[in-house]
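Each remark here refers to the structure printed beneath this line.
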Amino acid sequence: MNDVKLDPQTNLDRRDFLTKSSVGLAGLAIAPGMMLFDLAHGKAPGEPASNKVRWGMLIDNNQCETGCNDCVTACNTENGLSGGTKATDSQWIRKVQLKDMQTERISSLPMMCQHCEEPPCVDVCPTQASFKRADGIVLVDKHICIGCRYCMMACPYQARSFVHEVLTDQKTEVPRGKGTVESCTLCVHRVDKGETTACAEACSKAGHNAILFGDLNDPESAISKRIRTVASTQIRADLGLNTGVRYEGI
Amino acid sequence: MSSTSLSRNDSRNFYILAALGVLVVFLGYLGMHSMEEHGHIVSGMNNKIVWGLPHVFAIFMIVAASGVLNIGSIGTVFGQTPYKIRTPLAGIIAIGLLSGGLAVLMLDLGRPDRMIVAATHFNPTSVFAWNIFLYSGFFGLAVLYLWTSMEKRFYGFSKPVGFAMFAWRVLLTSATGLIFAFLVARQAYASALLPPMFIVLSFAWGLAVFLLVQAAMFAWNNKIIDAAILNRMKNLLGLFVIISLYLVAAYHMTNLYFAKQTGFELFILRDGGIYPMLFWGGYILLGSLIPVALVYTPGLGGSKSVVVASALVLIGSFALLYVFIIGGQAYPLSIFPGYEASSSFGDGQIGKYVPSLPEFLLGSGGLAIAYLITLIGTRVFNTMPQDATAETAKNSH
């Protein structure tokens, strides 16, 4: 019987082939999970927000029904707000009724923090408690807000509220505190889990679909596609703040 | 009356006045405590009028503090002897006013317990954060200025320190104006005129405070101020009030010229109820025209007229700040130009504000801090302006 001579080179090639294919197979096995995770735009706990994403909303004024308050109610429930409408109560989102002074056309739209790219609230905050996350969400760090309210003076959209009273029964996912300023967080706790905002969800449930939430940086996202095809505007676009919330039909 | 009993009376009066000051500071503490415990719900402030009466008091004191130091600057920087000998008194009043103003500003915060955060987290784009440096620098320089003005060995340093102080106070008052000037979306505020306007207002308000303290000190010591010096000072007060009027008019005129701002101006100047009333009656008539008349009308302008004019200038300053700060926020933000807006959050509506007792007490407490520091400072240090001695010394050279 002849000994089979193993070519050392062949042996090495085979090992290399096996190594590469195992890595490839492992990759193939993990990839769908990774892709799904990426598609859902969820974020692992502790993973920092990425500037590859810019979260935003497109609000269709024509679809927004006058008298419907579902987005406001959903926001209050989601974030543990009282739902009171006294001048001292927090309102993170509000329905604004508009009447065109020239044409007398009446419409309504939801108004909240516009998550500006150049947020005046962040510029003026003395302690950097007002900050913008890498993914464009403008937030208030409740631990370092000293309650000076300068951000409320600076916000062009009157989007911020000051907690005037002692709070009870807060939601663990939405920290709030007496003497600090707060505003729409774009449901950051939901977005980080790959979910949509409470207001957008409620609007869809009501069948209006006036609020479209998504990644403005992803050319394939529904919001980006829509912004490319329909005319949309930023409120007070003259201020040059490049808001993350856009409106169509006004 | 023997000199001993005079001194005993003097001492007793000092303690009575100090006790009154302490009482008002304590009432201010109660006001602050109530806001701290219950939250700002006990104030008249809300999500629309976010800065209220405490800010009127605080900004008055901070602006007047830098204005008072102007007395020293006229002496040190511009070499005017009657003003130079008033530098120590001006320095003490300025330190008192700034302390009172900052106390109110800090204790009105939603979280005054987090003041240290303002020092540990610094945002270079925030004019509030700049002010933390400017205020602490002002204190440091004012103490140094006092020292070099009162300690003979350091007289040589008084001029450079005086220059630094002058530059610093111009920066500080500009930054106070900038707090508002940087608010891009507010019809009432986004104007480059505000820093110079605040500087000129500070000249008038600071001099008015100084003249009142000076009159009290002369009366306390049974002395009469030199007529020529009083004449110079009251003419300067009249001039500052007139320049202030000019800048306030320029600010409103530019706004009136821009169609988008007309609504706001009509609100402040004509239709806004309490605000036009305070503007025309409080600031223009009581705070400007009558003081100017008292100061310049031939036959008037004596020490009593100057005291009344100074007091009226201060009443006018509160009226102007109330209109500027609270009226400026009450007018709705122009979020949807061309539309009539309404909502549950006050869109398109005039903001309502009624100052509450705790706010008033907090503001008064700040004034009492300024008063106490001035009272004790003038008692401990020799700050009584000695015009006759200065004149003799000058003549003997």
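Here, each number is a calculation from the coordinates, and none is a lab measurement. Every value quoted in this text rests on a predicted model; they were computed, and no experiment measured them. Cβ: placed from backbone, ideal geometry, glycine included. Neighbour counts: every protein chain shown.
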Do me a favour and compute the ellipsoid semi-axes for chain B from its Cα gyration tensor, root of five times each eigenvalue, largest one first, whole Å. 37, 24, 21
List, in order, the whole-Hz ³J(HN,Hα) value for each residue of the stretch B:246-262 obtained from phi through the Karplus relation with A = 6.51, B = -1.76, C = 1.60 and θ = phi - 60°; use x for Gly and Pro. 4, 5, 5, 5, 4, 4, 6, 5, 4, 5, 5, 6, 7, 3, 5, 9, 4
Taking the Cα centroid of the stretch A:84-131 and of the stretch B:130-198, what is the distance between the two, rounded to the nearest whole Å? 35 Å
Expressed as an acute angle from 0 to 90° and rounded to the nearest 10, what is the orientation of the C-alpha long axis of helix B:303-321 relative to the principal long axis of chain B? 20 degrees
Would you pull out the residues with amide H under 5 Å of A:Cys113's amide H, same chain only if 5 or more places away, H placed 1.01 Å from N? A:Cys184
How much net charge surrounds B:Ala330 when only the other residues with a Cβ under 10 Å from the Cβ of B:Ala330 are counted, with Lys and Arg +1 and Asp and Glu -1? +2
Relative contact order (%) - criterion: Cα under 8 Å, at least six apart; region: the stretch A:55-248: 30 percent
Taking the alpha-carbon centroid of each part, what is the distance from the stretch A:211-237 to the stretch B:44-105 in angstrom? 51 Å
Note: B:Val354 to B:Ser11 extended length (0.36 nm per residue) minus current alpha-carbon separation gives 119.4 nm
At q = 0.14, 0.17 Å⁻¹, what base-10 log of I(q)/I(0) does the Debye formula yield for the stretch A:55-248 when every alpha carbon is treated as an equal point scatterer in vacuo? -0.80, -1.20
Relative contact order of chain B: what whole-number percent is it, with Cα pairs under 8 angstrom and at least 6 residues apart? 30 percent
Could you list B:Val77, B:Val213, B:Val295 so that the one with the fewest beta carbons within 10 Å of its beta carbon is first and the one with the most is last? B:Val77, B:Val213, B:Val295
Phi-derived 3J(HN,Hα) across the stretch B:78-93 with the Karplus relation (6.51, -1.76, 1.60, θ = phi - 60°), rounded Hz, x for Gly and Pro, is 9, x, 8, 4, x, 7, 4, 6, 9, 4, x, 5, 4, x, 5, 4
To the nearest 20 Debye, how big is the dipole of the stretch A:55-248 about its Cα centre, given +1 on the beta carbon of each Lys and Arg and -1 on that of each Asp and Glu? 300 debye
List, in order, the whole-Hz ³J(HN,Hα) value for each residue of the stretch B:180-185 obtained from phi through the Karplus relation with A = 6.51, B = -1.76, C = 1.60 and θ = phi - 60°; use x for Gly and Pro. 8, 4, 7, 7, 4, 9
Using a Förster distance of 35 Å, the FRET efficiency for B:Phe157-B:Trp280 (Cβ separation, nearest 0.05): 0.15
Please give me the summed charge of the neighbours of A:Val140: other residues whose Cβ is under 9 Å from its Cβ, Lys and Arg +1, Asp and Glu -1. 0
Please give the helix B:53-76 orientation as an angle from the longest Cα principal axis of chain B, in degrees from 0 to 90, rounded to the nearest 10. 40 degrees
Using the beta-carbon distance between A:Glu195 and A:Thr168 and R0 = 25 Å, what value does 1/(1 + (r/R0)^6) give for FRET efficiency, to the nearest 0.05? 0.40
Given the Cα-Cα distance of B:Ala190 and B:Ala219 and 0.36 nm per residue of separation, how much length would full extension add, in nm? 6.0 nm
Can you tell me how the protein assembly as shown classifies by the Cα gyration tensor, rounded, prolate or oblate, using a/c under 1.5 as the rounded cut? prolate
Quick query: amide H of A:Gln128 versus all other amide H atoms, modeled in the peptide plane; which residues come in under 5 Å with a sequence gap of 5 or more or a different chain? B:Asn123
To the nearest 20 Debye, how big is the dipole of chain B about its Cα centre, given +1 on the beta carbon of each Lys and Arg and -1 on that of each Asp and Glu? 920 debye
Using label points projected 7 Å from each Cα along Cα→Cβ, tell me how many nm separate A:Met101 and B:Asp226, to one decimal. 5.9 nm
Restricting to lysines and to Cα separations under 26 Å from A:Lys86, and discarding same-chain partners fewer than 8 apart, the set is A:Lys95, A:Lys99, A:Lys142, A:Lys171, A:Lys178, B:Lys48, B:Lys352
What does the helix-only formula give at 222 nm for chain B: each DSSP H stretch with n ≥ 4 adding -39500 (n - 2.57), the total divided by the residues, and the result rounded to the nearest 500 deg cm²/dmol? -23000 deg cm²/dmol
